[in-house]
Amino acid sequence: MARPLTRRAGRAGQYLALAAYMVFLAFPLLWLLSTALKTPREMALLDPTWLPRQPTLANFAAAFSEQDLLGGALRSLVVALACAVLTVVLALPAAYAMARYRSVINRIAIGWVLVSQVFPFILIIIPLFMVLRRLDLVNTLVGLILVHVTFVLPFALWMLLGYVRAVPRELEEAAAVDGAGRVRSLVSVVAPLLAPGVVATLLFSFISSWNEFLFALVVLKDPDVATLPLTLAKFTGPEGVVRLGPLAAASLLATIPSMVFFAVIQRRLRSGLMAGAVKG
Amino acid sequence: MTAAHARRRTAPDRGRREMLLLMLPALVPVLVFSVGPLIYGIALSLTDAQGGRDPSFVGLANFGDLLTDGDFWGSFRIGMIWALSVTVVQFAASLGLALLLNQNLRLRGLARVLAVVPWAMPPVVIGLMWRLVYHPNAGLLNSVLRDLGLIGQNIDWLNDFSLALPAVIVVGVWAGMPQTTVVLLAGLQSVPKELHEAAQMDGASVWRRFWNVTLPQLRPVIVAITSLDFVWNINQFSLVYVLTQGGPGGQTRLPMLFAYEEAFRYGFFGYAATLGVAIVVVVLAVLGLYLWRQMREAN
């Protein structure tokens, strides 16, 4: 008799716990949104309101005029785009080679991918800074692009390796039997199947570079070449309460690229693009 | 026969050359900008390299200085408290969330999306967002606590000597929960249903089933993700730099912030490299001990 009762109590407990998690996860986000929509007058109130009384978009406009956020965003865009394209151009041939030939290099490369995930950046960033200084690349976007490419490469290679392995070798062999040359089979058979993987890797590299802070902080000392995360971090300083609105607005805008990336990836993961390729 | 033999030998040779050629574009930047600097960095730790000067070899002198440097030990202690508490709390919270998400509950879809959102945010933005939450006058936290009657006056969370570190740890947990939850959820979903059904037939309670079926099956996943979390946490920089810059009075100065200041504020490159090496050694030792114990218990 007691069984269903405890069961129902258990369910209620589960919902309670889930609600607690959702509050913890969601409230900082809602607060950011709420702050971004408040007027300066409302921000200055002694007792902060939970929801903006007169929601305004003025903070978004203010964010761009007040500090060099637009410049920061443009520089971030240049760095992230260059980083994404360069990374894929460099990693794709290597991923193809690793997927198609077996060799000791494979193991070393995969070992390096793992090591690079856990190494403290500080140990690399000091000598790297000295190298960049010698090459006169400190305070240049080129220097930052090089650093970002190097640090995104291992994981991008890993991602692409998975996608190349998923393209069956039989397809290339079939193309060869049909008389297609090596290049032709790569271009017209392998490339279309790899396209989704390449897009995902491009996006991943773009986001990693767009969000990156520590290397940018070390490489770009000059505020005139600061990228978006640097400009945002500097935004705070000894701020008055009134400046928090534009800060929240700018933070939200800086998050948009990553959000788009995650939305795209989630759909990609489910669609199973390879499903029909071998059957035909 | 000889022709066939020759062809068999040249084909793999050509393949190897082709492979090297294809890998070269990726290999060069990795060698020049990360393997090289890594070795250079370890070498630097044995020198007195500073801002403008040419470095000269000093052997293990930096390591000697490190052992007697009170600031380093303070930072090291804070780093260990930070990394261990974030890893443990993150794991407990994520396991709970993963277990809930694995149940057939309403709103599960929304909760799953929410659980992944922090993953998609730049660390700088996470730091700024939490500064807004912790803000003494305009912050959400003080407002809620005051409305509940729990505090009389506003607290400056990130500038309070005893509260800053716990406050920062909470942010660390929030920021790192998605990865851990997703990995644990994937682990839970790969536990064979038959095991649970068999245990249920034998009359095992929910709690016993969790303890004797789920946890042992999940063990490899748990060991892997907690190890990774620990390493990521001890290497954390951006989040705490944006939140407190290591303050107040060094109460949240993690080892990475300490090393960053030594190198780029004071210009002690050699000493900062020594710090990096020391942290790697400690991380490897802690991980080695942990993995060794886990393996021994698993056998």
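The values are calculated or read from the model by the stated rules, or taken from the named source; none is laboratory data. Here the structure is a predicted model, which means the values were calculated and not measured. Here the Cβ positions follow ideal geometry from the backbone for every residue, glycine too, while neighbour counts run over all protein chains shown. Protein only, heavy atoms only, side chains kept; ligands, DNA and RNA dropped before computing areas. Shrake-Rupley method; radii C 1.70, N 1.55, O 1.52, S 1.80 Å.
The residues listed here are B:ALA120, B:ALA98; of these, the one that is modelled with pLDDT of 85 or more and touching a helix residue (DSSP H, G or I) at 6+ places or on another chain (Cβ under 6 Å) is B:ALA98.
Being at the interface with chain B (Cβ under 10 Å from one of its Cβ atoms), farther than 25 Å from A:ASN106 by Cβ, in a helix (DSSP H, G or I) and out of contact with any Gly (no Cβ under 7 Å at 6 or more places or on another chain) is a property that A:LEU217 has. Within this structure, A:VAL104 passes the test of being open to solvent by 20 Å² or more (accessible area, probe 1.4 Å), among the hydrophobic types (A, V, I, L, M, F, W, C) and closer than 20 Å to B:GLY15 by Cα. Residue pairs whose Cβ atoms lie under 8 Å apart, separated by 6 or more positions or on different chains, with the first residue in the stretch B:34-47 and more than 7 Å from chain A (Cβ to nearest Cβ) and the second modelled with pLDDT of 85 or more and open to solvent by 50 Å² or more (accessible area, probe 1.4 Å), are B:SER45/B:PHE63. Scanning the stretch B:255-299 for residues that are among the aromatic types (Phe, Trp, Tyr) and buried (at least 20 other Cβ atoms within 10 Å of the Cβ) yields B:PHE258, B:TYR260, B:PHE268, B:PHE269, B:TYR271. Is it the case, given these coordinates, that B:GLN245 is outside any helix (DSSP H, G or I), in contact with a helix residue (DSSP H, G or I) (Cβ under 7 Å, 6 or more places away or on another chain) and either open to solvent by 30 Å² or more (accessible area, probe 1.4 Å) or closer than 25 Å to B:ALA164 by Cα (or both)? When the stated conditions are applied, B:GLN245 does not pass them.
Counting the residues of the stretch B:48-61 that are surrounded by 11 or more Cβ atoms within 10 Å (Cβ to Cβ) and more than 13 Å from chain A (Cβ to nearest Cβ) gives 4. Could you list, in sequence order, all residues of the stretch B:252-265 that are part of a loop (DSSP other than H, G, I, E, B) and at pLDDT below 90? Correct list: B:ARG265 only.
In the stretch A:41-57, which residue that is open to solvent by 70 Å² or more (accessible area, probe 1.4 Å) and more than 19 Å from B:ARG146 (Cα to Cα) is nearest to the other protein chains (Cβ to nearest Cβ)? Once the filter is applied, the top-ranked residue is A:ARG41.
Annotation: of all residues in the stretch A:85-101 being within 7 Å of another protein chain (Cβ to nearest Cβ) and hydroxyl-bearing (Ser, Thr, Tyr), the one that is least open to solvent (accessible area, probe 1.4 Å) is A:TYR96. In the set B:LEU148, B:LEU158, B:LEU163, only one residue is buried (at least 16 other Cβ atoms within 10 Å of the Cβ), closer than 26 Å to A:LEU29 by Cα and free of Cβ contacts under 8 Å to residues at least 24 places away in the same chain; that residue is B:LEU163. The residues of the stretch A:220-239 that are at the interface with chain B (Cβ under 10 Å from one of its Cβ atoms), at pLDDT below 80 and surrounded by fewer than 19 Cβ atoms within 10 Å (Cβ to Cβ), listed by number, are A:THR236, A:GLU239.
Looking across the stretch A:120-164 at every residue that is aromatic (Phe, Trp, Tyr) and within 13 Å of B:ALA26 (Cα to Cα), the one that is nearest to the other protein chains (Cβ to nearest Cβ) is identified as A:PHE151. The condition (being over 30 Å from B:ALA120 (Cβ atoms) and not basic (Lys, Arg)) is satisfied by just one residue among A:ALA175, A:ALA195, A:ALA166: A:ALA175.
Listed conditions (1) open to solvent by 70 Å² or more (accessible area, probe 1.4 Å); (2) farther than 29 Å from A:ASN211 by Cβ are all met by A:SER65, apart from (2).
Within the stretch A:126-182, the residues that satisfy the criterion of being under 26 Å from A:ILE110 (Cβ atoms), over 20 Å from the mean Cα position of the chain (by Cα) and open to solvent by less than 60 Å² (accessible area, probe 1.4 Å) are A:PRO127, A:LEU128, A:VAL131, A:VAL164, A:ALA166, A:VAL167, A:PRO168, A:LEU171, A:GLU172. Of all residues assigned to the stretch A:14-34, at least one qualifies as being open to solvent by 30 Å² or more (accessible area, probe 1.4 Å), within 12 Å of chain B (Cβ to nearest Cβ) and of a type in the set (S, T, N, Q).
Listed by position, the helices (runs of 4 or more DSSP H) enclosed by the stretch A:13-117 that each have at least 2 residues that are in the same structural domain as A:PHE151 (by TED's automatic domain parsing), in contact (Cβ under 8 Å) with a residue 24 or more places away in the chain and out of contact with any helix residue (DSSP H, G or I) (no Cβ under 6 Å at 6 or more places or on another chain) are A:69-100.
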